[in-house]
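Enquirer: Got a structure for you, questions after.
The values are calculated or read from the model by the stated rules, or taken from the named source; none is laboratory data. Note that this is a predicted model, so its numbers are computed, not measured. With ideal geometry, Cβ positions are generated from the backbone for all residues, glycine too; neighbour counts draw on all protein chains shown.
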Amino acid sequence: MEKRVIDIRGLCSQAMRRYGIYLILLLIVAAGSVMSPVFLTAKNIMSVGRQVSVTGILAFAETILIIGGNVDLSLGSQVALSGMISINTYLATGSAAAAFASAVAVCVGCSLFNAFAITKLQMPGFVATMSMDFIARGAVYVYCKGTPIYQVGDYGKISSTYLFGVVPLPVVFLMGVAVLAAVVLRQTCLGRNIYAVGGNAEAAFASGISVSRTKFQAFAISGLFTGVAAVIQMARLNTGMPDTANGYHGDAIAAAVIGGASFTGGTGTAAGTLVGAFVVGFISNILNLKGVSIYVQQIIKGILIIIAVSVDIAGKNRKIRQVARGKKGPAQAQQGPA
């Protein structure tokens with residue numbers, strides 16, 4: 001009778017990779033409740049939700065790209081440029097829909113240019129998007145002549161409105177983007193193509209997938225999400241600030257990577273990114289409640305990214321070794337003893 005050997009260590013490792021981020025979130029919430037009596041109050045939780053809404057939506061923009069084997073370092077500057085344009089659009093039209101449309105149009109345009117530079121000009125992704133970061137940040141200062149917009153009318157109501165008098169509208173947008181990202185990644189042909197291209201672009205091309213078109217589509221979706229985040233960010237500030245969202249791409253990447261997205265491509269989920277965004281948000285909130293300097297917080301976030309990437313690399317190396325041992329075992333068995 002054939003014996004089945006259960007690899008307990010492997011099962012535990014697999015469970016941690018799949019559900020570890022949820023355990024981490026629970027531990028952080030438990031730690032926060034012990035460290036501060038304010039942490040679990042409804043007011044503080046809603047405050048965290050508002051703060052996470054922008055970086056969380058940007059995290060989904062990064063997740064779509066990271067799964068496809070790319071990354072965008074220009075999201076923060078895109079938020080600033082498109083946000084300033086959306087405020088002026090709102091002031092000119094009085095329409096929130098027009099404000100959203102203008103912000104989305106700017107961000108999709110910037111993202112498609114990034115895709116063009118990567119696919120057609122054959123530029124490395126980090127070079128193309130870093131260049132766009134400089135271009136967009138410079139453009140916003142040229143656009144507003146370095147002057148903030150203080151009189152924004154009712155633009156701020158986009159952020160201050162509550163759904164059913166309980167849930168802040170930015171949180172509703174965050175959840176809506178999370179659902180949309182999940183549907184795109186798991187329920188559409190485009191999502192499957194993004195995973196395939198990120199996992200192995202050459203194999204995807206050989207199977208008939210247009211790698212170039214898939215990257216353009218992924219960047220377009222990323223731009224859509226970034227435009228939504230831009231409007232929410234400016235509405236939260238209730239002021240048009242040309243220097244806003246500086247470095248936000250770092251928080252977005254941190255949330256995506258902590259949530260399980262891999263820089264090697266082909267790995268990541270919308271649920272993981274949402275939890276990763278709240279992990280980063282709750283950590284920042286706890287540090288703020290304890291009076292920790294913003295500069296120290298940046299160091300901690302950098303360390304979190306290093307840990308998350310290191311764990312991901314270690315897991316992939318372990319898989320490679322297991323596959324190698326699996327191939328080696330049968331071969332040796334067929335050869336028999338010397």
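Enquirer: Which condition breaks for S293 when tested against (1) farther than 23 Å from V179 by Cβ; (2) polar (S, T, N, Q); (3) touching a Ser or Thr at 6+ places or on another chain (Cβ under 8 Å)?
Expert: Here S293 meets the rest and fails (3).
Enquirer: Looking at segment 36-72, which of its residues are closer than 29 Å to C110 by Cβ and polar (S, T, N, Q)?
Expert: Within segment 36-72, Q51, S53, T55, T63, N70 meet the criteria.
Enquirer: While we're here: Kindly indicate whether any position in segment 124-142 is in contact (Cβ under 8 Å) with a residue 12 or more places away in the chain, buried (at least 16 other Cβ atoms within 10 Å of the Cβ) and within 22 Å of D154 (Cβ to Cβ).
Expert: Checked segment 124-142: no residue is in contact (Cβ under 8 Å) with a residue 12 or more places away in the chain, buried (at least 16 other Cβ atoms within 10 Å of the Cβ) and within 22 Å of D154 (Cβ to Cβ).
Enquirer: Identify the single condition in (1) more than 18 Å from the chain's Cα centre (by Cα); (2) modelled with pLDDT of 95 or more that T239 does not satisfy, given that it satisfies every other one.
Expert: (2)
Enquirer: Scanning segment 147-175 for residues that are in a strand (DSSP E or B) and at pLDDT 90 or above, which turns out farthest from M46 (Cα to Cα)?
Expert: Here is the first cut: in segment 147-175, the ones in a strand (DSSP E or B) are 149, 162-163, 167-168.
After this cut, where a residue has to be at pLDDT 90 or above as well, the list is 149, 168.
Values: I149: 27, P168: 7 Å.
The residue in question is I149.
Enquirer: Got at least one residue in segment 220-238 being closer than 16 Å to V79 by Cβ, in a loop (DSSP other than H, G, I, E, B) and either among the polar types (S, T, N, Q) or in contact (Cβ under 8 Å) with a residue 24 or more places away in the chain (or both)?
Expert: Looking for residues that are closer than 16 Å to V79 by Cβ, in a loop (DSSP other than H, G, I, E, B) and either among the polar types (S, T, N, Q) or in contact (Cβ under 8 Å) with a residue 24 or more places away in the chain (or both), one finds at least one in segment 220-238, hence yes.
Enquirer: A further question on this structure: Those residues that are within 24 Å of R50 (Cα to Cα), of a type in the set (S, T, Y), in a helix (DSSP H, G or I) and without any contact (Cβ under 8 Å) to a residue 60 or more places away in the chain, I need them from segment 271-322; list them, please.
Expert: Within segment 271-322, just Y295 meets the criteria.
Let's see how each residue does on (1) part of a helix (DSSP H, G or I); (2) of a type in the set (K, R); (3) more than 22 Å from F173 (Cβ to Cβ):
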| position | (1), (2), (3) |
| --- | --- |
| L73 | no, no, yes |
| I85 | yes, no, no |
| A117 | yes, no, yes |
| T129 | yes, no, yes |
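Enquirer: Still on this structure, I have one more. Which of (1) among the aromatic types (F, W, Y); (2) at pLDDT 95 or above; (3) surrounded by fewer than 24 Cβ atoms within 10 Å (Cβ to Cβ) does F39 not meet, given it meets every other one?
Expert: Just one mismatch for F39, condition (2).
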